[in-house]
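These notes are about the structure you will find just below.
A short reminder: the numbers here are calculations on the coordinates, not readings from a lab. Just so it is clear, the model here is predicted, and its values are computed rather than measured. FYI the Cβ positions are ideal-geometry reconstructions off the backbone, even for glycines, and counts take in every protein chain you see.
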Amino acid sequence: MAVSTIKLTDTQQKCVTFQPKGDLLIQGIPGSGKSSILLARAKFLKEKNSKDTVTVLTYSNALTNYVRQLSLKMHSTPLTAKTFHQWGQEMLRYTDYPHTRLIVGDLRKDTIKYAKNIVNKYSSNVNFPQMKESKRQDIALLTFLCDEIEWIKGSGIATREEYLSIKRSGRGTDIRVLKEHRNTIYDVLEKYNELLNRDRRRQGIDGDDLARILIEKSHQIPENIKPDHILVDEAQDLNTMQIKAISKMAKKSLTIGADKGQQIYRRTFSWKQAGVDIKGSRNIFLKQTFRSTKQIIRLANHFQEQDKLYIKDEDYQKAQEPEINGKVPELKKCENREAERAHILNQVRRLRASFPNDTIGIIGFSHDNLDEIKKVLDDKGIPVYRVKDNEVDIISPGVKLITFQSSKGLEFDHVIVTDLQKGKMPYKAPSPGEDENEFLSRERKKFYVAMTRAKKTLTIVSIKEYSSFINELNSGYFHLID
Ligand SMILES: Nc1ncnc2c1ncn2[C@@H]1O[C@H](COP(=O)(O)OP(=O)(O)OP(=O)(O)O)[C@@H](O)[C@H]1O
């Protein structure tokens, strides 16, 4: 249903017209209308005072692109929608901070490795924690350090004393991190920060420093540049510092849409820690879904209930089963990749013949596999698009290929989830030092997110060796295809 034609429920409408001052947190299950509400609220705020500036922020490029496309459908003038990192970098231009190049990905890893080697060589008291794996110790240690530094920066820990005394959540028990280890980790962090400031080739700011710098320099950003209203979609993907930075920058109101059941990145925060005021009527929970059929939600709900960690979370709410009936989801077990591709091709052909005006989303684990599937469909003359760049039209009918991560926030009439294979979904192992249960919980959420992108039909494709998640699906809620 086009966003412009839906009739919002009273609760949704209450969120849209909630007083244009202060914070509002809208939590809700998949398909409960969080994005729709944010777009309608953005319109409402603009209409209430045409001089006010309104910015929508998300975490991923695909979702930002989708929000822009939806807003074009319902607003006469398009909304300003950006990822947190795009927007943050733009804000930094108004400060005296000289380096705005973001150090991310391989360059970040390489710089941390360099810092680690310097500490290892020159510090008098080096004590790295022992990695579990006997082989490839170095690689494991580097991954561990990269994750730990991300956590320190994302949590806003600013001093060695704070790091030495803080209780570290989200770490497993396989790697023991003692006080002396923490001292060495902090040495690496300090050396890394030094390199970011001084070393020509590596100069810039770590992607996770952006939020902290925005907070520190916010007074330098001219008032007319700061948005009056900020709306954040899928806020569960941001960390404490990023929410804090956004909150500081919003002059009049901050509206947040989130669902912890779809939290697929390693984040630990509470709204309170992030400085969001959600007392009383400022915290709304939506339990009714408008996207999927009863049959899809039943399967997804049952699968979510297998996540013993999440169902204990204070923010867990079970989705209400919708009234609307549809086809029972299908599961196809394939002996090999060839069989997988043949089944997807068949399925796409059937869907296109029956529903030429619908969207079909194929959700998979890796870009490589999606490229292979694209090739198979291309060869048969089926137009198909990879949703990884900004140009792809996500809303119009057609076949779209997307990864589990990037599918969040999006929806398709028909969804084919593939790569349910051992080692892919769930991924083969947690990162070094990561809590096994938290890792599995996040992997489950990825699959749950993928399933709940479907509006009308859902097909799950598993490839030998089959994913353990397949055994967690309630066999009464799907058809096994021969
Ligand atoms: N009151 C309503 N009546 C009919 N359809 C609705 C209503 N509210 C939302 N929808 C539709 O339900 C679908 C899901 O809405 P939306 O994407 O806003 O949900 P969401 O909570 O952001 O989902 P997710 O968290 O899974 O991304 C959309 O197709 C939207 O148009």
What is the gain in length, in nm to one decimal, between GLN130 and LEU309 on full extension, counting 0.36 nm per residue of separation less the C-alpha to C-alpha distance? 61.7 nm
How long are the semi-axes of the equivalent ellipsoid of the range 306-429, defined as square roots of 5 times the Cα gyration tensor eigenvalues? Whole Å, largest first. 26, 19, 16
Using the Kirkwood radius over Cα pairs, work out the Stokes-Einstein diffusion coefficient for the range 270-372 at 20 °C and 1.002 mPa s, in µm²/s as a whole number. 121 µm²/s
Suppose each label sits 7 Å from its Cα in the direction of the beta carbon; what would the HIS302-ARG386 distance come out to in nanometres? 3.6 nm
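Roughly what % of DSSP beta bridges within the chain run antiparallel, to the nearest 5?
Details: 2 of 54 bridges.
Here the share of antiparallel DSSP bridges comes out near 5 percent.
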Determine the dipole magnitude for the range 38-122: charges of +1 sit on the beta-carbon of Lys and Arg, -1 on that of Asp and Glu, nothing else is charged, the reference point is the Cα centre, and the result goes in debye to the nearest 20. 140 debye
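Estimate the FRET efficiency between ARG198 and ASP52 by the formula 1/(1 + (r/R0)^6), using the beta-carbon distance for r and 25 Å for R0, to the nearest 0.05.
Working: r = 42 Å, r/R0 = 1.68.
Once rounded, the FRET efficiency stands at 0.05.
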Restricting attention to the range 111-152, which GluC sites (Glu not before Pro) occupy a DSSP loop and are surrounded by at most 13 other Cβ atoms within 10 Å? GLU133
No solvent, one uniform scatterer per C-alpha: report log10 I(q)/I(0) for the range 435-482 via the Debye equation at q = 0.20, 0.26 1/Å, two decimals. -0.83, -1.23
Compute the FRET efficiency between GLU436 and TYR466 as 1/(1 + (r/R0)^6), taking r as their Cβ-Cβ distance and R0 = 30 Å, and round to the nearest 0.05. 0.90
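Would you mind giving the three semi-axes, in whole Å and largest first, of the ellipsoid equivalent to the range 236-321 according to its Cα gyration tensor? Don't skip to the answer; put the middle values down first.
Values: eigenvalues 149, 46, 25 Å².
Whole-Å semi-axes of the equivalent ellipsoid: 27, 15, 11.
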At 7 Å along the Cα-to-beta-carbon direction for both THR80 and ILE324, put a label point, then send me their distance in nm to one decimal. 3.4 nm
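Please give the charge dipole size of the chain, origin at the Cα centre, charges +1 on K and R Cβ atoms and -1 on D and E Cβ atoms. Round to the nearest 20 debye.
Values: 81 positive and 63 negative charges, 119 e Å.
The dipole of the chain has a size of about 580 debye.
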Please give the FRET efficiency for ARG176 paired with LYS272, using the beta carbon to beta carbon distance and R0 = 45 Å, rounded to the nearest 0.05. 0.90
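Report the full-extension gain for the segment ALA429 to ARG337: residue separation times 0.36 nm, less the Cα-Cα distance, to one decimal in nm. Write down the numbers at each step before the final one.
On the way: separation 92, 0.36 × 92 = 33.12 nm, distance 2.20 nm.
Full extension of this stretch gives 30.9 nm more.
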Two-site label geometry, PHE355 and LYS294: point separation in nm, points 7 Å out along Cα→Cβ: 1.8 nm
In a Debye calculation with equal point scatterers on the alpha-carbon sites of the chain and no solvent, what is log10 I(q)/I(0) at q = 0.07, 0.08 Å⁻¹? -0.39, -0.51
Could you tell me the number of lysine pairs in the range 207-297 with C-alpha atoms less than 22 Å from each other, where the two lysines are 8 or more residues apart or belong to different chains? 24
What is the gain in length, in nm to one decimal, between PHE285 and THR159 on full extension, counting 0.36 nm per residue of separation less the C-alpha to C-alpha distance? 41.7 nm
Translational diffusion of the range 12-168, µm² s⁻¹ [Kirkwood Rh, Cα pairs; Stokes-Einstein; 4 °C; 1.567 mPa s]: 65 µm²/s
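How much mean residue ellipticity at 222 nm does the chain get from its helices, if each DSSP H run of length 4 or more adds -39500 (n - 2.57) and you divide by all residues, to the nearest 500 deg cm²/dmol?
Numbers: 15 runs with 189 residues, N = 482.
The per-residue figure over the chain is -12500 deg cm²/dmol.
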Within-14-Å neighbourhood charge of GLN137 [Cβ basis; K, R +1; D, E -1]: +2
Listed residue (SER32, SER406, GLN13) projecting farthest to the positive dipole end of the chain, Cβ model: GLN13
Excluding residues fewer than 8 places away in the same chain, name every one of the aspartates and glutamates whose C-alpha is closer than 16 Å to that of LYS135. ASP174
